[in-house]
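The values are calculated or read from the model by the stated rules, or taken from the named source; none is laboratory data. If you're wondering where the values come from, they're calculated on a predicted model, not measured in any experiment. When we count neighbours, we look across all protein chains shown, and the Cβ atoms used for this are built from the backbone with ideal geometry, even at glycine.
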Amino acid sequence: MTDPTASTGSLLLRVDDLHVEIAGRDRTVHALDGVSLDLAPGEALGIVGESGCGKTMTALSVLGLLPGGGRITGGSIDFGGTDLATAVEPVLRGVRGNSIGMVFQDPLTSLNPTMTIGAQVAEPLLLHKGLGKAEAWQRAEEMLRLVGLPTPGERLKNYPHQLSGGMRQRVAIAMALICEPQLLIADEPTTALDVTTQAQILELIDDLRSRLGMALILVTHDLGVIARRVDRVAVMYAGKTVERAGVRTLFAAPRHRYTQALFAALPERAADESQPLATIPGLPPSLVTRPAGCRFAPRCGFATGECRETEPALSEVVPPLPAASRNGDSAPAPGPRTAPHGPATGDTPEGRAGAARRGAHAFACFHPVDPAVDPIAEVVPAAPAAPPSRADETLLALTDVTKDYPLHSNPFALRGRSAAAVVSAVAGVSLTVRRGETFGIVGESGCGKSTLGRLVVGMEEPTRGTVRFADRDIAALDRRALRAHRREVQLMFQDSYASMDPRMRVGAILREPLVIQGIGDRAGQNARIAGLLDDVGLPRGAVDRYPHEFSGGQRQRLGLARALALSPSLVVADEPVSALDVSVQAQILNLMRDLQREKGLAYLFISHDLAVVRHLADTVGVMYLGKLVETGPAASVFDAPLHPYTRGLLDTAEQPDPAAEAAGAPLGGETPSAAHPPSGCRFRTRCPAAQEICARIEPAPAEPAAPGHRVACHFPLVAAAGR
Amino acid sequence: MIRFLIKRTAQAAVVLLLVSVIVFVLLHQLPGGPARAILGPKATPQAVEHFNHQQGYDRSLPLQYVQYLGRLLTGDLGESYKLNQTVSSLLSDRLPKTLVLTGLAIALAAVLAIPLGILQAVRRGRAADYLLTGLAFLAYATPVFFLGLVLILVFSQRLQLFPAEAPQADTVGGILGDLPGLVLPVVTMALGVIAAFSRYMRSAVLDNLGEEYVRTARAKGQSSARIMARHVLRNALIPLATLLGLYLPTLFSGALVVESMFNYPGMGLLFWNAAQGSDFPVLLGVTLVVGVATVIGSLITDIAYAVLDPRIRSVS
């Protein structure tokens, strides 16, 4: 593993066998346990892995920004001849923000709320470049213009809360790049953002990288994000680098069993929507102890005794060339395409000695995937799917449902006087959900999809329109009938932990709905709880434990168990998997699907993630600014969208495929404020096909292509839909 | 910002009107009415009636309130039964002196508590933090009168560093000219406040040090000291602004004990003496002033919030 040339040569950064420990109150976590990676000037490296694998710790150690109690216990971080692992604070301060810039995940919390944008962006210049305030602010303005902030001169005096999430992330990028660093480290820079904003930010980083000739480390859990944005990828698992390769090689032919399983769990890679997703059983190991052998062995279907005792070293593939070509697909040979050097270097273009060695495919696995065999098919044998049992009976019908919220809450305002100032979170939505089907609602944040979910459950009353469930108007129900109705419709939340009382045991949490509805005696309830835990795949002993003792995926199972406690016929699932890692997400999606078939459940599945909705939903509704712009069978909506917004969303979503064509027309701009929606068609301000009529007349829903596929657009994409 | 201030001031005026109603009602709830309080239990019913008529107490309550309010607006708070002076002249003489005392106490508290809180947060879990935490709890738990006595015993009687009596000058300038005399009363008032403020400051700084914007500032290459000064301080002062507003009326009441203990010629001492002699117009005048102080305290909080936190400014 050690570089025989030993010198940094043309490398910008070289992390070698890095070890990091984080000392807590009563235990020490070995967060990093042998991480090695390198980066040439101008090159882009992706670090992927699930939460807790150490990818963020790797990024933070490079800048010496480890959290309290954290320290580097071994290895080196060579950056331009300086070992940052052992450097003293003043040296590190000279590097931070100057030659290495960093962008963090959450643009809301990573900016100082009480400092102006200008002061924050100019700060590194004052520190590192010795500029005066006036000059620094002028440079800050130029930088804000470069990152695409409209009217940057005015924005300088704004505070972070006055900008949208996407704009804040642009500011954070401006801040990281103001001193023109040689390396930008971006830690999940788009995870907190919407799909369309994500695409814009990634595009911006790409563009600035080539313009400023800097190197990039992109840390993410999202394989879609790195697919088309980096040259090489390092896959991390449990504090170690387990695989390293050029991005095309890795995506076409992963060799480590973990990487392979990670890909297989992606809903985008699911062979067939009717098949369950491949999952990775179990959980990543605790890093408090340093397990012997391969750390993935306990979850790996191919592990042998050797894997459990001996730790596989990260070693390179001996013949690098035939690996991909044997694969039979269109993946190019790893040589030229994965050459690690970006346009900025070019000293050793496709030099065999240096570049080929560094670009080589390395992995730490005793039983690697044989690229000759289709890697995905052999992961976990998929259980044969039972045919979905779906009646044509309408379970839920929303007719022209509108929900208004007052814009300003003023206790002294006279009722009705401020009626003009309202936000229509949901503005005239009609849809029907049949018994036993999954209706997916897709849309970006603020489109009203969560409000719609609350209206269906009866937690909110519609301002106008009716919500009918099993042919009864919910608004007309009296208290007793409403309570009975609540049995039928249950909620599943994104953050199950926040939605459970942390001081209640699991048994009590699951019993509560039964007690409220007066179902069964104590023994009957106990039997029901045991049955629920069986259903969601948790041990029965879980009843005596507290929510915090469970992992994210297990909590989501609990959330599902609680939703199912009353045997509802409809479960409203609001982003149930968006806080989960890919492998765990696949487990929950499979579980939801199995239980649906078993119990004839209907789901109203709300998500921003197109791939997840596509995998699970029978029918899809696309929401934009409180309006349902398109509904129809999932296959028609995704394969032949009629609304330009749907088309744009699909084009904008990051495909986990480096060979994917660059998106046709990614959506530009930002969603306008729901308080002042555009006249006519609400999407017209971002629509490539918008004409004068769109501003005047709101398009009525129609079915121009096929019955059951409704779209509200003056110029539906019927031709494009394959007529 | 201007609109915000106008709005808040208008709200404060409403609250003050309510305070005046309460004070007015209290004035009329005195056992036997003010006549009995002044003329004494042995006065004849005729004398009481005559007094009531003379003072206008036999008219309808709303009318009396309007007249009371009218007098209030012209600054007429009635006359002291005992001191042969108008209440307003008494208050205008005494209030500035109390303001000097509380102002100095708050200034001392802020000057000491903010750095102490920062020090504790930076040295969290180390000896300095534990020591200061212990001292803060001790100071916070000690009643003001006991603290005052201990300070007098140690610094005045034993060490003879400072006089046990506060400055007795007639003017504010004269009082400020006698700084040694001010030391013990101001310190007595300030110690508990320092304890409370430093605890709040400590936790506010700790909260902010854990925020991600601090990590961003470090990633820019900023030093710890400058992160504290440029980034954390302002954010950490926001919760302290609430505390300051809450403490202002408390300090006014605390002045009562301290002023009578050190014989300081402020409003507290005036109230104390008036209470001893059932001098109701004075008592109610002081009550009104404390009510005003409470309202002003929350107004100051709101303004401080708006100055410190741009998010509040744009919402309002």
Hey, among A:142, A:123, which residue is facing chain B (nearest Cβ under 7 Å) and either charged (D, E, K, R) or surrounded by fewer than 22 Cβ atoms within 10 Å (Cβ to Cβ) (or both)?
A:123
Kindly state which helices (runs of 4 or more DSSP H) lie completely within the range A:210-274 and contain at least 2 residues that are under 16 Å from the mean Cα position of the chain (by Cα) and buried (at least 24 other Cβ atoms within 10 Å of the Cβ).
A:223-227
Only one residue in A:308, A:269, A:255, A:290 is closer than 18 Å to residue A:582 by Cβ and basic (Lys, Arg). Which one?
A:269
Given (1) within 29 Å of residue A:147 (Cα to Cα); (2) modelled with pLDDT of 90 or more; (3) of a type in the set (Val, Ile, Thr), residue A:190 misses just (2)
Looking at A:510, A:595, A:570, A:558 in this structure, which one is in contact with a strand residue (DSSP E or B) (Cβ under 7 Å, 6 or more places away or on another chain), in contact (Cβ under 8 Å) with a residue 40 or more places away in the chain and either within 23 Å of residue A:454 (Cβ to Cβ) or surrounded by fewer than 17 Cβ atoms within 10 Å (Cβ to Cβ) (or both)?
A:570
With the condition kept exactly as written, say whether any residue in the range A:157-168 is out of contact with any helix residue (DSSP H, G or I) (no Cβ under 7 Å at 6 or more places or on another chain) and among the charged types (D, E, K, R).
no
Of the residues in the range A:513-533, those that are surrounded by fewer than 16 Cβ atoms within 10 Å (Cβ to Cβ) and farther than 16 Å from residue A:544 by Cβ come to A:515, A:516, A:517, A:518, A:520, A:521, A:523, A:524, A:527, A:531
Restricting to the range B:198-210, give me the number of residues that are among the small types (Gly, Ala, Ser), within 14 Å of chain A (Cβ to nearest Cβ) and in contact (Cβ under 8 Å) with a residue 24 or more places away in the chain.
1
I want to confirm something. Restricting to the range A:669-715 and keeping residues that are crowded, with 17+ Cβ neighbours inside 10 Å and aliphatic (A, V, I, L, M), which single residue is farthest from residue A:632 (Cα to Cα)?
A:674
Just for the range B:211-231: of the residues that are free of Cβ contacts under 8 Å to residues at least 60 places away in the same chain and more than 9 Å from every other protein chain (Cβ to nearest Cβ), which one is nearest to the chain's Cα centre (by Cα)?
B:229
Here is a list: B:246, B:269, B:237. Which entry is buried (at least 18 other Cβ atoms within 10 Å of the Cβ) and away from chain A (no Cβ under 14 Å)?
B:269
What residue, of A:577, A:571, is β-branched (Val, Ile, Thr) and part of a strand (DSSP E or B)?
A:571
Give the residue, chosen from A:191, A:196, that is in the same structural domain as residue A:66 (by TED's automatic domain parsing) and assigned to a loop (DSSP other than H, G, I, E, B).
A:191
Checking residue A:151 against (1) on the phi > 0 side of the Ramachandran plot; (2) in contact with a Leu (Cβ under 8 Å, 6 or more places away or on another chain); (3) away from chain B (no Cβ under 14 Å), which single condition isn't satisfied?
(2)
Looking at the range A:49-58, can you tell me whether even one residue there is surrounded by 24 or more Cβ atoms within 10 Å (Cβ to Cβ) and more than 23 Å from residue B:213 (Cα to Cα)?
yes
Only one residue in A:430, A:445 is part of a loop (DSSP other than H, G, I, E, B), among the polar types (S, T, N, Q), touching a Ser or Thr at 6+ places or on another chain (Cβ under 9 Å) and more than 30 Å from residue A:549 (Cα to Cα), so which one is that?
A:445
Filtering the range A:96-109 for residues that are surrounded by 18 or more Cβ atoms within 10 Å (Cβ to Cβ) and either more than 7 Å from chain B (Cβ to nearest Cβ) or farther than 22 Å from residue A:188 by Cβ (or both) leaves a count of 7
Answer with yes or no whether residue B:66 is assigned to a helix (DSSP H, G or I) and more than 25 Å from residue B:269 (Cβ to Cβ).
yes
Would you check which residues across the range A:65-78 are under 17 Å from residue B:221 (Cβ atoms) and more than 14 Å from chain B (Cβ to nearest Cβ) and list them?
A:77
Please specify each residue of the range A:639-664 satisfying the condition of being crowded, with 21+ Cβ neighbours inside 10 Å, of a type outside the set (A, V, I, L, M) and in a helix (DSSP H, G or I).
A:644, A:645, A:646, A:647, A:648, A:652
Residue A:156 - would you say it is touching an Asp or Glu at 6+ places or on another chain (Cβ under 8 Å) and either surrounded by 18 or more Cβ atoms within 10 Å (Cβ to Cβ) or within 29 Å of residue A:55 (Cα to Cα) (or both)?
yes
Can we say residue A:412 is modelled with pLDDT of 90 or more and more than 25 Å from residue A:550 (Cβ to Cβ)?
no
Filter the range A:455-471 down to the residues that are modelled with pLDDT under 90 and either outside any loop (DSSP other than H, G, I, E, B) or under 26 Å from residue A:637 (Cα atoms) (or both) and list them by number.
A:457
Considering residues that are among the β-branched types (Val, Ile, Thr) and at pLDDT below 90, the number found within the range A:202-224 is 0
